[in-house]
Structures are given as structure tokens and as C-alpha cells.
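The values are calculated or read from the model by the stated rules, or taken from the named source; none is laboratory data. In this text the structure is predicted, and so the values were computed from the model without any measurement. Cβ coordinates were reconstructed from backbone atoms using ideal geometry, including for glycine residues, and neighbour counts include every protein chain displayed. Side chains are part of the model used for accessible areas, which takes the heavy atoms of the whole protein and leaves out ligands, DNA and RNA. Shrake-Rupley method; radii C 1.70, N 1.55, O 1.52, S 1.80 Å.
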Amino acid sequence: MIRVCGLSFRYANQSSNALRHVEFDIRAGEMVLVSGPTGCGKSTLGLILCRAIPTLIPGDLAGRVWVNDKSIEGLSVREMARELGFLLQNVEHQTFTERVSDEIAFGLENFCVPPEHMATRIEESLRLVQGSHLLNRRLATLSAGERQRVMLAALLALNQRVLVLDEPLAYLDLEAQERFVTLMDRLSKKGKTILIFEHRRDALQAFAQREIYLTDGCIRPEPCVWSQFKKVRDYKAKSTVLAFEDVSFAWGNHKDPLFADISFEVKQHESVVLLGENGSGKTTLMHLAMGLAKPCRGRIITCDHEVGRVSVSQISRKAAYVFQRPDHQLYQPYVQDEIRSGSVDGDAVHRELAALGLEGLEKRHPRSLSMGQKRRLTLAAALARQPKLILLDEPSVGQDDASLAMIIRRLDDFLRDGGTLLTATHDFRVAMALAHRTIELKSGGMEQR
Amino acid sequence: MFLHQDTPATIIHRLHPFTKMAVGTVFSGLALCLYRPLALAVLLGFMLVVLAVARVRLSPRQWFSIGLFLSVISTLNFLASHDTCHATAYAMRFAVFLTAVPILALTTDPRQMTQALSQTPLPGGLAMALILVWRFFPLMAEEARQMRQAALLRGSAAGGVAMRIYRGMLVPLAFCVIDYTDRITLALELRGFTPAQRRTCHRPLKAGAADVVFSAAALLAAIVSAWVQWEGF
Amino acid sequence: MRLAYWTTRDYVFAAMTSVALLVVASIVIPFTLPLSIPGLANAVNGLFGSFFLVIGLIRLRKPGSLLLITGIYSLICLSVSLVVFGFVLIGGVFSELICSLVFRGYRGRLAPALGAVLYEMGMFPAAMVLSFFFMPERYKDIAPWIFVVAELAIFTTSSIGALAGLKVANELSRAGKLALES
């Protein structure tokens, strides 16, 4: 079904190859996991398969690729899309209409499918993803998992024999991840050839028939899956650093609160993990702690400042918030400047770069880094300020196992040196490694463990 | 956080986009020619009724912001002209602009707009570009909001006001434009879109009886408004 | 198959540049418009508008690029106001004509910067003419020299914005996001 021979690629203006002499065969109906550390060339391989490289992204491409026994050389992305469906990581940027039925029809319209055939194909594709009840819904009202299912249905409606999915688990909570993996298994058994590019080997290895593991652009034997990370050590908790007292919050137009009467404390040297489904309020809770949002009721004390009585910048002198999307927090022209600005000592740049696997990148532009590297950079910049409290939103997205282990080790040192940590995550292994305690947000309330 | 109840499409949502566009444009143009508050009130009243029928709900805070904005421009105009009637008319004209054509944006989904535009001589790529602006403006506005939050969190480490605007907002927004372009282009082409290629249509748009009734009601409101301006009271 | 003049990416880029212009305008204009000072909104908006336009023109480069971006922007402004649609389109046509005749496109640095500045400067007289036509009482008592000062202010701010845009274009290139001509 897919045959790759001697595939090499170097991006324009880069000195080293992103892919080196990659070769593999995938049979029809196989489900294959393509994994590897950040920067290994997974995304590059995906972009070559869908012909985005070289038609949209220039570079030096060598080697041959066959899909369905036909060479893909010379095909445009549109022509390739007849054979191979590609689901990008961020579903938000792939939707162009308001309603589910219209979104699935969008691709059919582009390929000039007769209108009289569209309704059947739309219904059939939604049935395959167990999303028939979503037919007339507005996309904006769907959860991340539901939206992903709709986009999958949009691909299935085009009857492509190969499906390629780029980091499909990145923004899904645990329940949605399980549902997704089961769906992929079912589609594979129905004869679809599926390639999943994913860091979360633990979630997919049991279902994939094969794994292609890339390192530095080459295929290598896959290492063992990390079922767990080394846990952070227990330290003696001291004074309270973060306190929520009977806090309730509701979005402007909503009658029902997102959560009500939440009370908890986080002490110095403690690491607390926030759990909960997408939409339960984890990010909102962090915004409240930093003063970026106002509660309807209750009191919040962050690093001895009562939120609402002092400015956000005063709070941020003692507390650091690392966003889920690192791009918004990168604003300097060099990696070293990101860490240097706001750091309290001169050694911070080298220390933090070394601790988080970013050595050698000092002079690079932060925006030229991979997503995983950007995330580690924003964390490094936060650590360089030596705050009392760090709020981390989904630190595992875009990170391979080795990078995650590095992050956890560095955070352990942070806790040892007197820091306090509040982390929101879907990754169960990260939660197990970081949690001295967990707080689960559920149905407007919370459970502490 | 996720709404599990869709707001049902009203008769206003089902109108042909060109009907709404024509009414909005004519009302905007007519408002520029009117200077009696009562005449402008007729147009504004019509638009508010349309908004109510379309079930477009604004929060008390949004109403307050709009009210404050109109009060400020009205007050400033009064200070310049010393004419209450003139100042009131000025604010009401703004109110008509705020409601007239934006109703189109609030009650027309991008698919309807693509279809409507594809029936004109506009190139397919241009029609898609307009859809993309409607579709991605809220997303980029949200990104800009998060950039401002990130700048707030940086505080004085980000530098003075000019540096905070430049480095904290403009540069990230420029990168955002490029990133969005790359992702959306790829997403469009992966779904088979090409500007020059013909496309079929899932649900063709047709102007119906509702368009005729709406246009007639709008015409009546415009005539009444013009009469109030030049003949009546 | 005949190659289209504008590719999908060109249209998308022009659309996203329009979105950025709209985002900035939505932040800036509520502060400047209530003050009713001729040219103030244009001068402040020109600072940011020319910034994004320069980057857009450096990326697109072809003759017609300015009109593509401002054409899309003006069609969006049609959903806000007829007057705004009018002066944005006139500014775009005016600057596109000059740049196409003189530079035949937007290669290099001078043409994009000049195109952005001419667009901002061209919008203001168009806005004044259209506003005077529809609201003569608003401007009849304003001394002519105020309009000259306003135009000079727009020239200054849009030039600053254009220069900033050229600087950021270099940074985009260094980050691998924009291919500059050597």
C-alpha cells in the first residue's frame, strides 16, 4: 500500500537532513505507529506522504514513494488527497464551516461529488465514527474529541484508502483518547491503512500492528515504552503559597457556574496535579490564580498577594504561568534572550538550557524550534526567574518520553529548592510522576486525593 | 463549558445573504443621509427587531459597553456642536452602523456566504478568502487576547509601552499570520480545495418567500424613515 | 492546466493579513474614533496597518498584491460601513496603481514600504471626501491646514510602521517563516 525507498529530505536553509535514507513498506489494512523523539522527522515524513513537501514546503527531496502502487512524484496535494487522507494535529484550523454536515460536505464539494450522493456519504461516514447524533450540530458546540471525530468522518467520506493522523491524542482527555484508539482499531479491521504519528507510544503500541521509530531522521529499533516516570521526591511542606477559598466561577453568558465553592491550598515544596476532562476548568483555575480572570465569589491568595487587590504583573513577579500554547510567551529574537530577560542570575541561560535539553540552540530564533522545544523553552524562561510558584498547563504535549523525563527531573530540583508546582495534565504517567496530591475538577466541584 | 444545546436557526438565519447584505448596505447608506433622530430611530428600531427575531443576545456588559460608547461620542459631538438634536442623531447613526450590516456577519454562516459569493463573478479564491476572514477572525482575536495576557504576565521585563506593543503584540501577531497561513493552506489543499477548480454544492442557496417579506418590510421601514426625515413631524 | 496567478497560499495569506488588520483595528479604533479628530484614527491605525501590509507585500511580491489584501479588507469593512469600504478600496487602488506603474510589483524593500505608506496616505483624503459628501456639517468648520497636519501625521506613523515591518520581515526570515529575496 505504501512503499518508501531511500527517502531523504533537507529543508531549505538548513544544513542537516531532516530525513536520511528512510525505507519501509506498509501493507493494506495495517495500522502503523510512527514515533520518535521531538525533531526526529515524523512530521516531515507525514508532509512528504501528503505531498505538502515539496509542493508547499521547499527543500531537497530524494528517494521514491509509492502509494497504492502509484508513484506520488509530481502529484499536487489535492491529487494526493484523493488517495491519502491527512488529519492535522490542530483540528481548529481545519474546519471551514459552521455545521457538521456542511463540514463533511466541504471536501465532497471540492472533489465535485454530485450533490445527490452527498447525503448518503455524510451519514455513512458519521456512522463509522459513531457520530450520527452530531449531524446537525454546530461545530463550535462540540468538544475536542467530537470535533476530531467529525474531521475523521470528513476524511472517511472521501473514501481514501490511507489515513494519516498527526498527533491525534495531543488535545484529548483520557476518555476521548480511549474512544479514539478503539475507533482506529475498528477502522483498521475494516481495511483502512492507518499511519499514526504520535509521541504517546504507551497509548497506541498495544493497538498498532507495527511501529516505525525514527531518531535523527533514520529508522532505528524502537526502545521500550516508558510506562512510568521517576516520581518527584517528597519534601516537607511548609507555608501556604496558593489558596483558593470558596471560589466560584461562571463564564459571562452562562447561568451554571463552571465550578462552585472550590477550596484548596498548595504549600511550599508541594506538587499538586489538576485533573479533569476538557472543559472542566483546569486552565480557568490557573487564570484565576494569576489574576487573569475574576471569580464570581471567593478569595484567592497567590504568593501572599490577594488576587484582585494587586496587579497581574505584581503576582507574576513571584509566580510563573507556563501556557499550554508556548508561542504566546515567546517574544525575543534569540533563545538565550528568552531566558535572560527576567532571569535573576547570570548563569540561568546555560543552566536551564542544559537541564532541559536545549543546548546549542542559544542563537536560534525561538519560533524556529519544534513545539516540544518551544514548550521546554517557556518552562526554562519561567525557571530562570526563580519564582515561588509555577503553574504548568499541559507540559507533556509535543514531548517524547526522554524530554518528559528531563522536565520532571528539573521540576523535582525546583521543588527541592523551595518551589511549588501546580500542573494541569491529561497524561496519566506525568500525573503519577509529579503528584504529591491530585485535585480532580468534575461536575462543577472538586475531589482531592 | 461546551454548550450542548444548539441555538436553532431563525428565519433571519435562513435569509439569502445578499438580501441581508442589500438591506444592511441600504440602511447604512440611508443613515448617512438622515439627520433627524426620529428618522434614524425608525431604522434602528427595525434593526433591533431583526436582532430580536434572530435571537442575537448580548450580555448586560456588552449592552453597557455599547451604551457607554454611544454616550461618549454623543457627548463629544454635543461639546463640538452645542446641538442636542445633532448629537443624538450622530450617536443614533453610529448605532445604525453597529447593527445594520453586522447582522449579516452574526446570522450568516460561512458556507452560505461562499455559496452566495460563488454565484457572483468573484474568483473562487477571493470568495474563500472572505470566508477565511470571517472564520478565523475570532480565533486570531483570541490569540491576540492571549498575547496581551502573556505581556501582562511579563510585566516590566517586557520593557516600556512601545516595546510591549511591538514585541508583545505586533511581532507575535505577524508570526501568527504566517503560521495560520501555512496550516490553513495545507488544510484546504488536503480537503481538495483549489481556487481555480469548479466545486459542486451540498445545499444550494435559494431566495424564497421569506426574502421577499423581509425586503418588503425593510423597504417600508426605509420609506417611513425617509418620510419622517423630509416630510413628517 | 493553466497555472493560476494567485495560489491557494496567496489567497490565504492575504486573508490572514486582513484578519490581522481587523484585529488591530478592533483594538485601536474604539479609542480613537470617539475623539472625532480628523485623521487621528487613520494616523494611529496607519502605524499598525502599514506594519502588516509591508510583511504581506514582501511575501506576495506580485503586481496586484496590495489590491488583493486591501480588496479583501475592504469587502470585510463593507459589513461594518459603506464609507469605510469606500475609502479602504480607494486607498488600495490608488497605491496599487502607482506601485504597479513605477515598480511593477513589490520586489525588494522600497516598493513594499512605499506601497504601504501610499495606501495609508491615500485612504485619508478618500475618507474625508466621502464623509464630507454624507456628513457635510461635520467638517465644514474645520480649517484646511488641519487636514495637511493630519496627512503629515499619517505619513509619519505609517512610515514608522513600514520600517518596523521591514525589520520584522528579517526576523521572520531568520526564523525560517519567510523567504526573502537575496
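With angles folded into 0 to 90 degrees, how steeply does helix A:115-128 sit against the dominant principal axis of chain A? Use alpha carbons for both and round to 10.
Approximately 50 degrees, to the nearest 10.
From the Cα gyration tensor of the range B:152-233, with a ≥ b ≥ c the square roots of its eigenvalues, which class applies: rounded if a/c is under 1.5, or else prolate if a/b is larger than b/c, or else oblate?
Oblate, because a/c is 1.5 or more while a/b does not exceed b/c.
Give me the distance in nm between label points sitting 7 Å out from Cα along the Cα-to-Cβ direction at residue C:179 and residue A:205, one decimal.
4.1 nm
Hey, in the GNM for chain A with a 10 angstrom Cα cutoff, which one of A:422, A:61, A:165 fluctuates hardest?
A:61
Would you mind calculating the relative contact order of chain A from Cα pairs under 8 angstrom and at least 6 residues apart, reporting the percent as a whole number?
17 percent
Using Cα-Cα distances under 8 Å and only pairs 6 or more residues apart, what relative contact order does chain B have, in percent?
About 34 percent, as a whole number.
Enter the accessible area of residue A:297 (Å², nearest 10), with the probe set to 1.4 Å and all protein chains included.
Number for this one is 130 Å².
Whole-Hz ³J(HN,Hα) for each residue in the range A:337-351, computed from phi via Karplus 6.51 cos²θ - 1.76 cosθ + 1.60 with θ = phi - 60°, x for glycine and proline: what do you get?
Karplus values, whole Hz, x for Gly and Pro: 5, 4, 7, 5, 5, x, 6, 9, 9, x, 7, 4, 4, 5, 4.
In terms of solvent-accessible area of protein heavy atoms at a 1.4 angstrom probe, what is the ranking of B:47, B:169, A:1, highest value first? If you can, show how the numbers build up before the last one.
Working: B:47 5, B:169 25, A:1 45 Å².
Descending accessible area places them as A:1, B:169, B:47.
Calculated FRET efficiency, residue C:149 and residue B:72, Cβ-Cβ r, R0 22 Å, to nearest 0.05?
Working: r = 24 Å, r/R0 = 1.09.
With a Förster radius of 22 Å, E is 0.35.
Is chain B best put as rounded, prolate or oblate by its Cα gyration tensor, with a ≥ b ≥ c the root eigenvalues, rounded for a/c under 1.5, and otherwise prolate when a/b is larger than b/c, oblate when not? Can you show the working numbers first?
Values: a/c = 2.18, a/b = 1.16, b/c = 1.88.
Oblate is the answer for chain B, as a/c is 1.5 or above yet b/c matches or exceeds a/b.
Leaving out ligands and nucleic acids, and using a 1.4 Å probe, what accessible area per residue does the protein assembly as shown come to in Å²?
Value for the protein assembly as shown: 41 Å² per residue.
Please check: in the Gaussian network model of chain C (C-alpha springs, under 10 Å), which one of C:147, C:132, C:51 has the largest mean-square fluctuation.
For chain C, modelled as a Gaussian network with Cα springs under 10 Å, the answer is C:132.
HN-Hα J couplings of the range A:434-449 from phi, Karplus 6.51/-1.76/1.60, θ = phi - 60°, integer Hz, Gly and Pro as x?
The phi angles translate into 9, 7, 7, 8, 10, 10, 9, 8, 8, 6, x, x, 9, 10, 9, 9 Hz.
Using a 10 Å cut-off around each Cβ of peptide A:27-36, what is the average number of partner chain Cβ atoms that fall inside?
Mean partner shielding for this stretch: 0.
Report, as an integer, the average count of C-beta atoms from other chains found within 10 Å of each Cβ along A:85-94.
4
Say R0 is 45 Å: what FRET efficiency, to the nearest 0.05, do residue A:261 and residue A:76 get from their beta-carbon distance?
The value I calculate is 0.20.
Output the 0 to 90 degree angle, nearest 10, between the alpha-carbon long axis of helix C:65-77 and the longest principal axis computed from the alpha carbons of chain C.
50 degrees
With chain B treated as a Gaussian network of Cα nodes joined by springs under 10 Å, which of B:137, B:97, B:18 yields the largest mean-square fluctuation?
B:137
When Lys and Arg each count +1 and Asp and Glu each count -1, what net charge do the other residues less than 14 Å away from residue B:177, Cβ to Cβ, add up to?
So the environment of residue B:177 carries a net charge of -1.
Sorting B:12, C:146 by accessible area (1.4 Å probe), largest first, what list results?
From most accessible down to least: C:146, B:12.
Under 14 Å from the Cα of residue A:189, which aspartates and glutamates turn up, not counting those fewer than eight places away in the same chain?
Leaving aside aspartates and glutamates fewer than 8 places away in the same chain, those within reach of residue A:189 are A:30.
Using amide H atoms built in the peptide plane, which far-off residues or other-chain residues are under 5 Å from residue A:215 H to H?
Close amide H contacts, sequence-distant or interchain: A:220.
Could you tell me the total accessible area buried at the A-B interface, probe 1.4 Å, in square angstrom to the nearest hundred?
Using a 1.4 Å probe on protein heavy atoms, the buried area is about 5400 Å².
P(r) for the protein assembly as shown, please, calculated from all Cα pair distances in 20 Å bins and given in %.
14, 45, 36, 6, 0
With r defined as the distance between the Cβ atoms of residue A:246 and residue A:304 and R0 fixed at 22 Å, what FRET efficiency is calculated, to the nearest 0.05? Don't jump to the answer; show the numbers that get you there.
Working: r = 19 Å, r/R0 = 0.87.
Working from the Cβ atoms, E equals 0.70.
Arrange the residues B:25, B:181 by how much accessible surface each exposes, largest first, with a 1.4 angstrom probe.
From most accessible down to least: B:25, B:181.
Which of the three applies to the range C:1-89, rounded, prolate or oblate, going by the alpha-carbon gyration tensor with a ≥ b ≥ c and a/c under 1.5 meaning rounded?
Working: a/c = 2.61, a/b = 2.03, b/c = 1.29.
Because a/c hits 1.5 or more and a/b exceeds b/c, the range C:1-89 counts as prolate.
What dipole magnitude, in Debye to the nearest 20, does the protein assembly as shown give about its Cα centre under +1 on Lys/Arg Cβ and -1 on Asp/Glu Cβ?
Charge dipole of the protein assembly as shown: 420 debye, to the nearest 20.
Between residue A:64 and residue B:223, with labels modelled 7 Å along Cα→Cβ, what's the label distance in nm to one decimal, could you check?
With each label placed 7 Å out from Cα toward Cβ, I get 7.6 nm.
Output ³J(HN,Hα) for the range B:135-149: one whole-Hz value per residue in order, computed from phi by the Karplus curve 6.51 cos²θ - 1.76 cosθ + 1.60 with θ = phi - 60°, and x for Gly and Pro.
Using θ = phi - 60°, the values come out as 6, 9, 4, x, 5, 6, 4, 5, 4, 4, 5, 5, 5, 5, 4 Hz.
Keeping the other protein chains in place, figure out the carbon and sulfur percent of the accessible area of the protein assembly as shown, with a 1.4 Å probe.
Values: 21460 of 35770 Å².
Solvent-exposed carbon and sulfur of the protein assembly as shown make up 60 percent of the total.
Have a look at the range C:146-182 and report residues whose accessible surface goes down by 20 Å² or more when the remaining protein chains are included, against the chain on its own, probe 1.4 Å, ligands and DNA/RNA excluded.
For the range C:146-182, once contacts with the other chains are taken into account, C:167, C:168, C:171, C:172, C:174, C:175, C:177 lose 20 Å² or more.
What distance in nm separates the two pseudo spin-label positions at residue B:213 and residue B:82, each 7 Å out from Cα along the beta-carbon direction?
5.2 nm
What accessible surface, in Å², does a 1.4 Å probe find on residue B:63, ignoring ligands, DNA and RNA and rounding to the nearest 10?
The value for residue B:63 is about 130 Å².
Accessible area of residue A:443, 1.4 Å probe, to the nearest 10 Å²?
Solvent-accessible area, nearest 10 Å²: 120 Å².
Determine which lysines satisfy two conditions relative to residue A:442: a Cα distance under 22 Å, and not lying fewer than 8 residues away in the same chain.
In chain and number order, the partners are A:255, A:282, A:294.
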